[in-house]
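The values are calculated or read from the model by the stated rules, or taken from the named source; none is laboratory data. Bear in mind the structure is a predicted one, so any value in this text is a computation, not a measurement. In this analysis, Cβ positions are derived from the backbone assuming ideal geometry, glycine residues included, and neighbour counts consider all displayed protein chains. For accessibility, only protein heavy atoms count, side chains too; no ligands or nucleic acids. Shrake-Rupley method; radii C 1.70, N 1.55, O 1.52, S 1.80 Å.
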Amino acid sequence: MQTMLPLHLCSVMNYVSIATLLTKSSSLYQLCYFLGIGGALQALLTPDLGQYGYPHFVFFQTFLSHSLIITAALYMTVVEGYRPSLRRLPALILGFNIYLLFVAIINTLIGSNYLFIARKPNIPTILDVMPPWPWYIVGMEVVGLLVVLLLYLSFVIVKGKVR
(Lines give C-alpha, C1' and ligand atoms only; values in the text may rest on other atoms or scores of the structure.)
Protein backbone atom coordinates (compact mmCIF):
# COMPACT_ATOMS: atom_id res chain seq x y z
CA MET A 1 0.00 0.00 0.00
CA GLN A 2 2.87 2.36 0.66
CA THR A 3 3.99 2.37 -2.97
CA MET A 4 1.32 0.86 -5.24
CA LEU A 5 -1.85 2.92 -4.74
CA PRO A 6 -2.63 5.18 -7.74
CA LEU A 7 -2.20 8.39 -5.75
CA HIS A 8 0.80 10.02 -7.41
CA LEU A 9 -0.10 12.87 -9.75
CA CYS A 10 0.74 10.94 -12.90
CA SER A 11 -1.21 7.89 -11.76
CA VAL A 12 -4.29 10.07 -11.49
CA MET A 13 -3.44 11.84 -14.75
CA ASN A 14 -3.39 8.50 -16.58
CA TYR A 15 -7.06 8.08 -15.70
CA VAL A 16 -7.83 11.74 -16.42
CA SER A 17 -6.14 11.46 -19.84
CA ILE A 18 -8.22 8.47 -20.81
CA ALA A 19 -11.40 10.12 -19.52
CA THR A 20 -10.52 13.31 -21.43
CA LEU A 21 -10.11 11.42 -24.69
CA LEU A 22 -13.35 9.47 -24.18
CA THR A 23 -15.61 12.27 -22.93
CA LYS A 24 -14.03 15.29 -24.65
CA SER A 25 -14.66 17.19 -21.39
CA SER A 26 -13.21 20.69 -21.35
CA SER A 27 -12.73 20.54 -17.57
CA LEU A 28 -10.81 17.28 -17.77
CA TYR A 29 -8.78 18.71 -20.63
CA GLN A 30 -7.63 21.58 -18.38
CA LEU A 31 -6.37 19.04 -15.82
CA CYS A 32 -4.79 16.91 -18.51
CA TYR A 33 -3.06 19.86 -20.16
CA PHE A 34 -1.77 21.75 -17.14
CA LEU A 35 -1.20 19.06 -14.51
CA GLY A 36 -0.66 16.18 -16.92
CA ILE A 37 2.00 17.74 -19.11
CA GLY A 38 3.75 19.42 -16.18
CA GLY A 39 3.82 16.32 -14.00
CA ALA A 40 4.61 13.83 -16.74
CA LEU A 41 7.41 15.96 -18.14
CA GLN A 42 9.07 16.09 -14.71
CA ALA A 43 8.61 12.32 -14.34
CA LEU A 44 10.20 11.71 -17.74
CA LEU A 45 13.17 13.94 -16.89
CA THR A 46 13.72 12.33 -13.46
CA PRO A 47 12.08 8.87 -13.57
CA ASP A 48 11.63 7.02 -10.28
CA LEU A 49 12.42 3.51 -11.50
CA GLY A 50 13.66 2.19 -8.18
CA GLN A 51 15.72 -0.92 -8.81
CA TYR A 52 14.24 -1.45 -12.26
CA GLY A 53 16.20 -0.34 -15.29
CA TYR A 54 16.26 -1.16 -18.96
CA PRO A 55 14.93 -3.66 -20.17
CA HIS A 56 12.59 -4.32 -17.23
CA PHE A 57 8.82 -3.93 -17.69
CA VAL A 58 8.71 -1.06 -15.17
CA PHE A 59 11.16 0.91 -17.32
CA PHE A 60 8.88 0.69 -20.36
CA GLN A 61 5.70 1.17 -18.32
CA THR A 62 7.09 4.35 -16.76
CA PHE A 63 8.09 5.98 -20.02
CA LEU A 64 5.04 4.81 -21.95
CA SER A 65 2.45 5.88 -19.37
CA HIS A 66 3.99 9.32 -18.87
CA SER A 67 4.39 9.84 -22.61
CA LEU A 68 0.75 8.93 -23.16
CA ILE A 69 -0.37 11.62 -20.69
CA ILE A 70 1.48 14.25 -22.72
CA THR A 71 0.25 12.76 -25.99
CA ALA A 72 -3.39 12.87 -24.84
CA ALA A 73 -3.10 16.54 -23.88
CA LEU A 74 -1.39 17.43 -27.14
CA TYR A 75 -3.92 15.42 -29.17
CA MET A 76 -6.80 17.30 -27.57
CA THR A 77 -5.02 20.59 -28.25
CA VAL A 78 -3.81 20.02 -31.81
CA VAL A 79 -6.41 17.65 -33.27
CA GLU A 80 -9.57 18.40 -31.28
CA GLY A 81 -8.88 22.15 -31.00
CA TYR A 82 -9.20 22.48 -27.21
CA ARG A 83 -7.40 25.38 -25.55
CA PRO A 84 -6.16 25.87 -22.00
CA SER A 85 -7.85 28.62 -20.01
CA LEU A 86 -6.37 30.68 -17.20
CA ARG A 87 -9.89 31.40 -15.98
CA ARG A 88 -9.99 27.84 -14.70
CA LEU A 89 -6.65 28.17 -12.91
CA PRO A 90 -8.07 29.13 -9.47
CA ALA A 91 -10.34 26.06 -9.46
CA LEU A 92 -7.46 23.88 -10.64
CA ILE A 93 -5.20 25.16 -7.83
CA LEU A 94 -7.92 24.75 -5.20
CA GLY A 95 -8.80 21.25 -6.41
CA PHE A 96 -5.18 20.16 -6.47
CA ASN A 97 -4.56 21.48 -2.95
CA ILE A 98 -7.61 19.63 -1.65
CA TYR A 99 -6.22 16.50 -3.29
CA LEU A 100 -2.80 17.27 -1.76
CA LEU A 101 -4.39 17.44 1.71
CA PHE A 102 -6.22 14.14 1.10
CA VAL A 103 -2.98 12.45 0.05
CA ALA A 104 -1.12 13.94 3.04
CA ILE A 105 -3.67 12.29 5.34
CA ILE A 106 -3.25 8.96 3.52
CA ASN A 107 0.55 9.31 3.76
CA THR A 108 0.28 9.88 7.51
CA LEU A 109 -2.05 6.93 8.03
CA ILE A 110 -0.08 4.34 6.04
CA GLY A 111 3.47 5.72 6.13
CA SER A 112 3.68 6.38 2.39
CA ASN A 113 5.17 9.22 0.34
CA TYR A 114 2.66 9.81 -2.43
CA LEU A 115 3.14 13.13 -4.27
CA PHE A 116 6.54 13.23 -2.49
CA ILE A 117 5.04 15.42 0.23
CA ALA A 118 6.13 13.34 3.23
CA ARG A 119 9.81 13.52 2.27
CA LYS A 120 11.99 14.11 -0.76
CA PRO A 121 12.42 11.10 -3.04
CA ASN A 122 15.66 9.10 -3.03
CA ILE A 123 16.35 9.99 -6.66
CA PRO A 124 17.77 13.28 -7.95
CA THR A 125 14.96 15.77 -8.64
CA ILE A 126 14.33 19.50 -8.64
CA LEU A 127 13.39 19.07 -4.97
CA ASP A 128 17.09 18.66 -4.14
CA VAL A 129 17.64 22.40 -4.63
CA MET A 130 14.67 23.35 -2.45
CA PRO A 131 14.62 23.86 1.31
CA PRO A 132 13.95 20.91 3.65
CA TRP A 133 10.53 19.50 4.49
CA PRO A 134 7.92 20.96 4.80
CA TRP A 135 9.09 24.12 3.01
CA TYR A 136 9.90 22.37 -0.25
CA ILE A 137 6.16 21.70 -0.66
CA VAL A 138 5.64 25.45 -1.06
CA GLY A 139 8.51 25.44 -3.57
CA MET A 140 6.80 22.64 -5.49
CA GLU A 141 3.63 24.72 -5.66
CA VAL A 142 5.57 27.73 -6.98
CA VAL A 143 7.36 25.62 -9.59
CA GLY A 144 4.02 24.04 -10.54
CA LEU A 145 2.45 27.47 -11.03
CA LEU A 146 5.42 28.57 -13.16
CA VAL A 147 5.07 25.44 -15.30
CA VAL A 148 1.35 26.12 -15.78
CA LEU A 149 2.09 29.69 -16.84
CA LEU A 150 4.82 28.53 -19.24
CA LEU A 151 2.44 25.98 -20.76
CA TYR A 152 -0.06 28.77 -21.33
CA LEU A 153 2.52 31.24 -22.68
CA SER A 154 2.47 29.85 -26.21
CA PHE A 155 -1.25 30.53 -26.45
CA VAL A 156 -0.77 34.11 -25.26
CA ILE A 157 1.95 34.69 -27.87
CA VAL A 158 -0.07 33.15 -30.70
CA LYS A 159 -3.43 34.74 -29.88
CA GLY A 160 -2.16 37.89 -28.20
CA LYS A 161 -4.74 37.65 -25.43
CA VAL A 162 -5.52 35.83 -22.21
CA ARG A 163 -8.69 33.70 -22.02
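Assorted remarks:
- Surface per residue (accessible, 1.4 Å probe) for the chain, Å²: 60 Å²
- Distances between every pair of Cα atoms in the chain, grouped in 10 Å steps from 0 to the bin holding the largest one, split as 10, 37, 37, 15, 2 percent.
- The accessible area of F155, taken with all protein chains in place and a 1.4 Å probe, comes to roughly 30 Å².
- Take the Kirkwood radius over Cα pairs of segment 72-162, plug it into Stokes-Einstein at 25 °C and 0.890 mPa s, and you get 160 µm²/s for translational diffusion.
- Relative to the current alpha-carbon distance between M1 and V78, full extension at 0.36 nm per residue lengthens the span by 23.9 nm.
- Each of K159 and L44 was given a label point 7 Å from its Cα along the Cα-to-Cβ line. The distance between the two points is 2.4 nm.
- Accessible surface of the chain, 1.4 Å probe, proportion on carbon and sulfur as whole %: 72 percent
- On the beta carbon distance between N97 and F59, with R0 = 30 Å, the FRET formula returns roughly 0.40.
- Kyte-Doolittle at least -1.0, axis length at least 24 Å by Cα - qualifying DSSP helices, the chain: 57-78, 89-110, 135-159
- Efficiency of FRET between S27 and Q51 - r from beta-carbon atoms, R0 35 angstrom, step 0.05: 0.40
- Length added when fully stretched, I126-L109, from 0.36 nm per residue minus Cα-Cα: 3.5 nm
- Each stretch of four or more DSSP H residues adds -39500 (n - 2.57); spread over every residue of the chain, this sum gives -20500 deg cm²/dmol at 222 nm.
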